[in-house]
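In what follows, a structure is listed as structure tokens, so that the remarks can point back to it.
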Amino acid sequence: MKYMKLYSLTAATLATLALTGCGNTPNPEESFIYNGHNFGENKNVNFIQGVKDGCKTLTGAYTKDHDLFNSNESYKAGWEDGRLNCNKNEEEEK
């Protein structure tokens with residue numbers, strides 16, 4: 001009985017370790033990197049445009065497609081991420 005518990009515990013531990021090792025690793029080729037910041041993988045066109053517009057806003061050139069911002073969650077999320085995460089100095093150098 002004692003060995004059965006030890007066997008079960010060992011099997012559970014090995015299974016946990018094996019599944020943990022199978023996690024996703026970021027693929028830089030699929031990542032959207034803009035202005036020195038990685039905004040993540042598999043971003044759609046609206047998110048990307050939102051990031052670019054949000055980054056431009058940091059330079060004082062307020063840029064936002066209000067219709068898209070109010071109707072498209074991807075654009076809105078991208079614009080907010082861009083405005084919050086872009087580096088103002090790097091954007092001015094472009």
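A compact table of results
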{"read-out": "Qualifying residue in the range 6-29 (condition: aromatic (Phe, Trp, Tyr), surrounded by fewer than 17 Cβ atoms within 10 Å (Cβ to Cβ) and at pLDDT below 90)", "value": "yes"}
{"read-out": "Residues of the range 35-82 satisfying the condition of being in contact with a strand residue (DSSP E or B) (Cβ under 7 Å, 6 or more places away or on another chain) and among the acidic types (Asp, Glu)", "value": "41, 81"}
{"read-out": "Candidate set from the range 37-69 (those that are among the aromatic types (Phe, Trp, Tyr) and free of Cβ contacts under 8 Å to residues at least 40 places away in the same chain); member that is farthest from residue 84 (Cα to Cα)", "value": "69"}
{"read-out": "Single residue of the range 38-54 satisfying the filter (assigned to a helix (DSSP H, G or I) and of a type in the set (A, V, I, L, M, F, W, C)) that is nearest to residue 79 (Cα to Cα)", "value": "51"}
{"read-out": "Total residues in the range 69-85, condition basic (Lys, Arg) and outside any helix (DSSP H, G or I)", "value": "0"}
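The values are calculated or read from the model by the stated rules, or taken from the named source; none is laboratory data. The model shown is predicted, which means the values in this text are computed figures rather than measured ones. When we count neighbours, we look across all protein chains shown, and the Cβ atoms used for this are built from the backbone with ideal geometry, even at glycine.
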